[in-house]
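Step one of this worksheet: look at the structure below.
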Amino acid sequence: MSQESFNPPSRRKCSKCGLVNATSDEVCRRCGAPVWDDGPFERTTTVSPETTSVPKRTFLRRVVWILATTALLLIIWYVSLLVSSDGLQPDQRAKVEAGIAFLQQHGFDREVFVLRHLTTFRSSDSWWNRYLGHRDAYAATNFPFEIVTLYPEFFDVPVDDCERAAVLLHESRHLLGDGEEAALMTTWKNKKRLGWTSDRYRQTRVWDATERLTKAQFPYMFQCGSDSQSDCY
């Protein structure tokens, strides 16, 4: 079948009376007014709402949306923790920096990087810490927000920068994702490397508290020596 059979002929419509004339007519057969070519009839197609296709969300777009929403919620949470707590005073900041410098001098480079570049220090509890509550401690860490709250005991009880460095070493392990047991073990095993030894610090409150916690958690670490009760590290 030829292409022409699908194209209806043009029609010429009167500009005055509206009569549809033959294609060859130049003037209207009714009133004699000029006629013009009204063009071929066009077929229109009505699309129902049921047949309209909605582009589906791709898997990658879903993943991006979930990640963006999660990131936004984490940012809001992080800001709320900062807004609901207090920062460090200049003298407190100086003691923290001295403790971090002490860690650096003894080769704890990874921990120093986290404490110096990724951590936000606060001097009072955020709303989340107040909600959870905590036992008596020198510090508390909010992972993965990398926020460390330092309580008054951190600044007053340790006898020097070495003991404050030991507390910061413990908290840095939390910042790296360790639980309480792993952080306690790492600190105790590395105390000699830090210079935090019993011959110098066995009478301090920080040493006594840490030793008691470690012995209760890891009794096998205190089964060395002739009496089988001495510290193995």
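See the values below:
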item	result
Helices (runs of 4 or more DSSP H) enclosed by the stretch 178-233 - at least 3 residues per element that are in contact with a helix residue (DSSP H, G or I) (Cβ under 9 Å, 6 or more places away or on another chain)	180-189, 198-201, 205-217
Residues of the stretch 17-48 satisfying the condition of being modelled with pLDDT of 75 or more and of a type in the set (K, R)	R29, R30
Boolean, S198 is surrounded by fewer than 17 Cβ atoms within 10 Å (Cβ to Cβ), more than 21 Å from F102 (Cα to Cα) and of a type outside the set (D, E)	no
Total residues in the stretch 145-169, condition touching a residue at least 40 places away in the same chain (Cβ under 8 Å) and under 22 Å from Y78 (Cα atoms)	5
Extreme residue, nearest to V148 (Cα to Cα), among residues of the stretch 75-106 that are of a type in the set (S, T, N, Q) and surrounded by 12 or more Cβ atoms within 10 Å (Cβ to Cβ)	S85
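The values are calculated or read from the model by the stated rules, or taken from the named source; none is laboratory data. Note that this is a predicted model, so its numbers are computed, not measured. Positions of Cβ are generated from backbone atoms using ideal geometry, with glycine treated the same way; all protein chains shown enter the neighbour counts.
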